[in-house]
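Colleague: Take this structure, written in structure tokens, and hold onto it; I'll ask about it next.
The values are calculated or read from the model by the stated rules, or taken from the named source; none is laboratory data. What you are looking at is a predicted structure, and each value in this text was computed from that prediction instead of being measured. Note that we place each Cβ from the backbone using ideal geometry, even for glycine, and neighbour counts take in every protein chain shown.
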Amino acid sequence: MFERAVLVHYHEIALKGRNRGRFERQLQQNLIAAVGELSTVGIERVASRLVIPVAPSLAAEMLARVSAVPGVSSASLAFVTSRDAAEMEQAAILAVREADSAARTFAIAARRSATDHAERSLEINRRLGAAVQAETGLAVNLDAPDVLCRVEVVQGEVYTYAKRVAGPGGLPVGTSGKVIALLSAGIDSPVATWRIIRRGAVAVGVHFSGRPQTDDLSERVTEEIAAVLARTGGMARLYVVPFGDLQREISLLAPPDLRILLYRRLMIRVAEAIAAEERAGALVTGESLGQVASQTLENIAAVDAAATLPVLRPLAGHDKQEIIAEARRIGTFELSTQQHTDCCTLFMPRTPETHAKVWQVEKGESDLDVDRMVSDALASLSWTDYACVSYRPPKPRPRSATL
């Protein structure tokens, strides 16, 4: 029987010009890490594709892992044959049957990357289509077939497949630097973090817990969310900062209507201190413009005034339903809707400021020992590490855990 392989296609990487080789190599390394023990023969680059030989019994798991890796446009389970006409016809028949046993119509879409192959794409379509129709009795439908069988003639081999899984696209993790993601147990920030991972960045999460003023449930939920994001190879580490006592201190010393903004400014400063240690280039939050009182343009500006790094907000223009839909797609929604205590709801004022000025928040935190509060937060850090081939951790701290 024919050899089987997962054929990996990418799109955006192909547009990178002279830098393309670096992106391809990074994607190859990320895929090697993702497939792990499922492959013992490695991954080969073949004419703007990556080919991963696979045993049929491992094919489903291989497709699932490969199709979750940023940079992958699609992953297909292919039959690998020579250019022999009889082999190509048999592979096409097998691919169509494998794709959908209830199908009534099919189409063949052939493409030659090897120009030395004498038979043109249209001729391949007609020949293979006739063979499949004669063997299966299926009707041809070129506009909307139940099964589309693709045939790629590449160098000395032919890859034939009808089972195809869409990937996330984007860029390989490790090609866009490192970011610090302010990661809560809610719906928004995991989606924002995923979007930045998909753009090729390594994400280091920072979770601000209400402990000891609350229980540690939000920490456990956030760790589960981080584990889901880690399946992409883009989540490297999750720091947990017990933040409840610092919030209580702010609530006792600062104007009530500014509490939330002062919480956020302190979070920004703590995240930047971690970013300095991690050598990260930006912060990421899950804020969406106007979604809650603290996310007006004025309040965002007042919080950002405490930052020296860029603060990225991938969800700024999205409404809640769009964010929920994406959370469902990436697998974090059910985790994010578990009951937990959000630290931002601690000591919540009755009437939070919605249009703060920078001078107001600076005056509001004038009675706070901000430097000491940042130091206290850093002294209480704990963290969990996840598998990320592109991550280089800073000098180890105590109380670490590795998954």
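Colleague: For region 1-35, which residues satisfy the criterion of being among the acidic types (Asp, Glu) and either outside the structural domain of Tyr159 (by TED's automatic domain parsing) or not in a helix (DSSP H, G or I) (or both)?
Modeller: Glu3 - this is the single residue of region 1-35 that is among the acidic types (Asp, Glu) and either outside the structural domain of Tyr159 (by TED's automatic domain parsing) or not in a helix (DSSP H, G or I) (or both).
Colleague: Shifting gears a bit: Whether any residue in region 189-205 is at pLDDT below 95 and not polar (S, T, N, Q) is what I want to check.
Modeller: no
Colleague: Answer yes if at least one residue in region 305-319 is of a type in the set (D, E, K, R), in the same structural domain as Ala254 (by TED's automatic domain parsing), in a helix (DSSP H, G or I) and touching a helix residue (DSSP H, G or I) at 6+ places or on another chain (Cβ under 9 Å), and no otherwise.
Modeller: No, the conditions are met nowhere in region 305-319.
Colleague: Next question, about the same structure. What's the total number of residues in region 101-122 that are surrounded by 14 or more Cβ atoms within 10 Å (Cβ to Cβ) and of a type in the set (Asp, Glu)?
Modeller: Within region 101-122, residues that are surrounded by 14 or more Cβ atoms within 10 Å (Cβ to Cβ) and of a type in the set (Asp, Glu) number 1.
Colleague: Identify, please: which residue in region 55-105 is hydrophobic (A, V, I, L, M, F, W, C), in contact (Cβ under 8 Å) with a residue 60 or more places away in the chain and in a loop (DSSP other than H, G, I, E, B) and is, among those, nearest to Ala203 (Cα to Cα)?
Modeller: Once the filter is applied, the top-ranked residue is Val69.
Colleague: Further question on the same structure: Do the conditions hold for Thr214, that is, is it within 22 Å of Ala379 (Cβ to Cβ), surrounded by 18 or more Cβ atoms within 10 Å (Cβ to Cβ), free of Cβ contacts under 8 Å to residues at least 40 places away in the same chain and of a type in the set (Val, Ile, Thr)?
Modeller: Here the answer is no, as Thr214 does not meet what is asked.
Colleague: Scanning region 280-331 for residues that are of a type in the set (Asp, Glu) and in contact (Cβ under 8 Å) with a residue 24 or more places away in the chain, which turns out surrounded by the most Cβ atoms within 10 Å (Cβ to Cβ)?
Modeller: Residue satisfying both the conditions and the ranking: Glu287.
Colleague: Here is a follow-up. Mind counting the residues in region 5-38 that are more than 13 Å from Val72 (Cβ to Cβ) and buried (at least 19 other Cβ atoms within 10 Å of the Cβ)?
Modeller: The qualifying residues number 1.
Colleague: On to the next question. Can you name the strands (runs of 3 or more DSSP E) wholly within region 118-204 that have at least 2 residues being within 30 Å of Ala85 (Cα to Cα) and of a type in the set (A, V, I, L, M, F, W, C)?
Modeller: By residue number, 147-154, 157-166.
Colleague: Can I ask one more? Considering each of Ala305, Ala327 in turn, give the residue that is small (Gly, Ala, Ser) and under 24 Å from Met235 (Cβ atoms).
Modeller: When all the criteria are applied, what remains is Ala327.
Colleague: Next question. Taking the condition of being surrounded by 17 or more Cβ atoms within 10 Å (Cβ to Cβ) and touching a Lys or Arg at 6+ places or on another chain (Cβ under 7 Å), how many residues in region 39-58 meet it?
Modeller: 1
Colleague: Yes or no: region 36-53 includes at least one residue that is in contact (Cβ under 8 Å) with a residue 60 or more places away in the chain, assigned to a helix (DSSP H, G or I) and of a type in the set (Val, Ile, Thr).
Modeller: Among the residues of region 36-53, not one is in contact (Cβ under 8 Å) with a residue 60 or more places away in the chain, assigned to a helix (DSSP H, G or I) and of a type in the set (Val, Ile, Thr), which makes the answer no.
Colleague: Kindly check whether there is at least one residue in region 177-189 that is crowded, with 20+ Cβ neighbours inside 10 Å, without any contact (Cβ under 8 Å) to a residue 60 or more places away in the chain, polar (S, T, N, Q) and under 17 Å from Trp383 (Cα atoms).
Modeller: No: zero hits.
Colleague: In this structure, does Leu253 turn out to be out of contact with any His (no Cβ under 9 Å at 6 or more places or on another chain), surrounded by 17 or more Cβ atoms within 10 Å (Cβ to Cβ) and in contact (Cβ under 8 Å) with a residue 12 or more places away in the chain?
Modeller: no
Colleague: Evaluate region 265-278: report whether one residue or more is assigned to a loop (DSSP other than H, G, I, E, B) and either in contact (Cβ under 8 Å) with a residue 24 or more places away in the chain or not acidic (Asp, Glu) (or both).
Modeller: Checking region 265-278: not a single residue is assigned to a loop (DSSP other than H, G, I, E, B) and either in contact (Cβ under 8 Å) with a residue 24 or more places away in the chain or not acidic (Asp, Glu) (or both).
Colleague: Output the number of residues of region 106-132 satisfying the condition of being farther than 24 Å from Arg49 by Cβ and without any contact (Cβ under 8 Å) to a residue 24 or more places away in the chain.
Modeller: Total satisfying the criteria: 2.
Colleague: Can you tell me which residues in region 1-30 are modelled with pLDDT of 85 or more, under 21 Å from the mean Cα position of the chain (by Cα) and of a type in the set (A, V, I, L, M, F, W, C)?
Modeller: Val6, Leu7, Val8, Ile13, Phe23, Leu27
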